Each structure stands twice: as structure tokens, then as C-alpha cells.
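**Student:** Take a look at the following structure, please.
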Amino acid sequence: MYLKYLLTCVILFSINTNSQIVEDAKNFRAADSLLKEPSFSVHKDNYFLTGVPINTAITRNTADVKYQVSFKLRLNSKPLWGGFFPYLMYTQKAFWDIYASSKPFSEINFNPGVALVRPFYLKGGRLTYGTVSLEHESNGRDSIYSRTWNMLAFSLKSQISPRWVVGLRGWIPIVDKEDNPYLTQYVGYGEASATYQIQPGRWSADILFRKGSGVMKYGSLQTQVNWRPYKNENYYLTLQWFVGYTESLIDYQEHRSMVRIGFTIKPENMGIF
């Protein structure tokens, strides 16, 4: 089963027959997009959101706060062999039952990883990142509450126009099936993302679709609209809707539909995946 997903990932990296993939060191213009960032920078969205369910009763125990902290560290200012840049990455996502009496954290997910990123241009000067990453995700708990899995992932992310950025990502999951029965069915084998600049510098919309392994089952959809109140500041007011599975690892088999609002700090540039 894994072979067909690995083959799909390989195809993603081989379809760029019209791409400017091979560039000598003096003309490696695509690398500038990574080098103009600080070596330590925002990886995925950093956000603090609060909201309520729309598929069940709204109570002190179903409303919550979700926040995420995510950053990456470029390990080298010069590309390695083949034009790849090495990165360390870390993302932490937490679910806080702030409205409950004792205000507990219901779940914290930890997602460290390492990646090799290859920037290049598609035909027409469309900046693209090809990434290979090895990642771990777990909730740091034990016994029946332990959730953990690893992945070898391959991704392509491209700015196909001044307003559109699209991405495809596939992975080979490595799961402890005793602690996480059927987790692969829920996390699936890949995801697709897109960002559209509704009003560049002010309004944008994001969508992230993850496909579970079932034909019509599982998977998830997350959409959000972002408004940037000040052009010189990199934070946004965000309205987010999540529906589906695996929003948190502890309840990966639970279908959720949540609407949340809050603020987000986004990567200054396209983001590596």
C-alpha cells in the first residue's frame, strides 16, 4: 500500500520537466527567497483562537481555546549538494478548556522534525519549494492516552500567480498500531492546501484539505479568512472553521466541527510547506 503513495510522491517531484531546477551556484536565484528570511523564522501559522462547536450543544466544556506555536531554523546559509537547505522545525498545538471550571489543557500535540528544502522556479518564474521531511507527532502522554506517529513526507508548494499559492503533500506514515488503532485511516496519506490573496496585503483566505484512507470517510477540512489591520505589522484577525477528524490526536476518531476567531501571525513569505 505504501508503494503507491511513495510513487505518487516521486511523480510530484518529476513532473517539472519545464522547470528551472538545475541552476549553477552563481545563478541560483531561487535560493534568495529562503536567504532573505532570518535563519530563525515562523514555520506554520502561529495563532490564538477561541470558539464553539456547531455540531453539538455549546457549553463551558465544548467551547475552547486552540493555539499553535510554530518555528523553523535554517541550519546553513549556503545550499548543500543538490541545492538543498537543511532545516529544523517545531510545531506545538494546544487545546485549552479555558471556560471549564478548572481550565485544564485537554490536549497538547508536539511536532518536531527535520527537512531538506529545494527552491526552484517553474516555467513562467513561479517560485516553488520541494521538501523532504522526517517528522514525529505525539501528545506526550502514556498508557491508553498515548498518541504518536511518525512520517516521511514529500511536498511541493508553488506560487502559481501573484494571488495564488498552492501546495501538495504526501507522506508515508509510521504508526504504532497497538496504541493508535486505525490512526492511519484518519490521518490519511496526504493533504492539499491553497492560499488566495483576496486583497493583497489586507485580506486572504486559506484552505487545507486532508484525505483519510477511506473512500468517503474521515479526513478533514480547515478554512479561514484573515484580515491584516496594519500593512506594516505581521498579524491578522482570523475566522477559522474546522470540520472532520484528527484536529487533536487524543480524539482522532471523533468528528468535530468548530468555528473559532482570534489572531494569527503568518510566515512573512510563502512558507516551505
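The values are calculated or read from the model by the stated rules, or taken from the named source; none is laboratory data. For clarity, every value in this text was computed on a predicted model and none was experimentally measured. Neighbour counts run over all protein chains shown; Cβ positions are idealised from the backbone, glycine included. Note: areas computed on protein heavy atoms with side chains; ligands, DNA, RNA excluded. Shrake-Rupley method; radii C 1.70, N 1.55, O 1.52, S 1.80 Å.
**Student:** Label points 7 Å out from Cα along the Cβ direction at GLU268 and ASP142: separation in nm?
**Tutor:** Those two pseudo-labels are separated by 4.3 nm.
**Student:** Same structure again: Could you tell me which of the pairs LYS36/LYS231; LYS36/LYS211; LYS177/LYS211; LYS103/LYS231; LYS36/LYS217; LYS78/LYS211 are separated by over 30 angstrom between their Cα atoms in the structure shown? Walk me through the intermediate numbers first.
**Tutor:** Details: LYS36/LYS231 19 Å; LYS36/LYS211 34 Å; LYS177/LYS211 19 Å; LYS103/LYS231 35 Å; LYS36/LYS217 42 Å; LYS78/LYS211 36 Å.
Table pairs above 30 Å Cα-Cα are LYS36/LYS211; LYS103/LYS231; LYS36/LYS217; LYS78/LYS211.
**Student:** A further question on this structure: Counting only heavy atoms of the protein chains, get the accessible area per residue of segment 147-233 (1.4 Å probe) and round it to a whole Å² value. If you can, show how the numbers build up before the last one.
**Tutor:** Values: 4550 Å² over 87 residues.
Accessible surface, normalised per residue, equals 52 Å².
**Student:** Add +1 for every Lys or Arg and -1 for every Asp or Glu among the other residues with Cβ under 13 Å from the Cβ of SER138, and state the total. Working shown, then result.
**Tutor:** On the way: positive: LYS93, ARG141, ARG147; negative: GLU107, GLU135, GLU137, ASP142, ASP176, ASP179.
Net of charged neighbours comes to -3.
**Student:** As I understand it, the value is the acute angle between the Cα axis of helix 2-14 and the longest principal axis of the Cα atoms of the chain; what does it come to in degrees, rounded to 10?
**Tutor:** 40
**Student:** Among (i) 152; (ii) 175; (iii) 141, which one is volume of the Cα convex hull per residue in Å³ computed from these coordinates?
**Tutor:** Looking at volume of the Cα convex hull per residue in Å³ for this model, the match is (iii).
**Student:** If the only charges are +1 at each Lys and Arg Cβ and -1 at each Asp and Glu Cβ, what is the size of the charge dipole of the chain around the Cα centre, to the nearest 20 debye? Don't jump to the answer; show the numbers that get you there.
**Tutor:** Working: 30 positive and 21 negative charges, 168 e Å.
Using only the charged Cβ atoms, the result is roughly 800 debye.
**Student:** Could you give the C-alpha radius of gyration of segment 155-273 expressed as a fraction of 2.2 N^0.38 Å, taking N as the number of residues it contains?
**Tutor:** Here the Cα radius of gyration is 1.18 times the empirical estimate.
**Student:** Could you size up the charge dipole of segment 128-223 around its Cα centre, putting +1 on the beta carbon of Lys and Arg and -1 on that of Asp and Glu, and report it in debye to the nearest 20? The partial results should precede the final answer.
**Tutor:** On the way: 10 positive and 8 negative charges, 93 e Å.
It comes to approximately 440 debye.
**Student:** For segment 108-115, just list the computed ³J(HN,Hα) in residue order, Karplus coefficients 6.51, -1.76 and 1.60, θ = phi - 60°, integers in Hz, with x standing in for Gly and Pro.
**Tutor:** Couplings: 10, 10, 10, 9, x, x, 10, 8 Hz.
**Student:** Would you please give the FRET efficiency between PHE40 and TRP241, computed as 1/(1 + (r/R0)^6) with r the Cβ-Cβ distance and R0 = 30 Å, to the nearest 0.05?
**Tutor:** Numbers: r = 31 Å, r/R0 = 1.04.
Efficiency for this residue pair is about 0.45.
**Student:** Same structure, new question: Which three lengths, in whole Å and largest first, does segment 47-158 cover when its Cα atoms are put on their principal axes?
**Tutor:** That gives 55, 36, 22 Å along the principal axes, largest extent first.
**Student:** What full-extension length gain, to one decimal in nm, is calculated for TYR90 and PHE71 as 0.36 nm per residue of separation minus the Cα-Cα distance? Provide the component values of the computation, followed by the final result.
**Tutor:** Values: separation 19, 0.36 × 19 = 6.84 nm, distance 0.57 nm.
My answer for the length gained is 6.3 nm.
**Student:** Which value in nm describes the separation of the simple spin-label points at ASN232 and THR56, placed 7 Å from the Cα toward the beta carbon?
**Tutor:** 4.6
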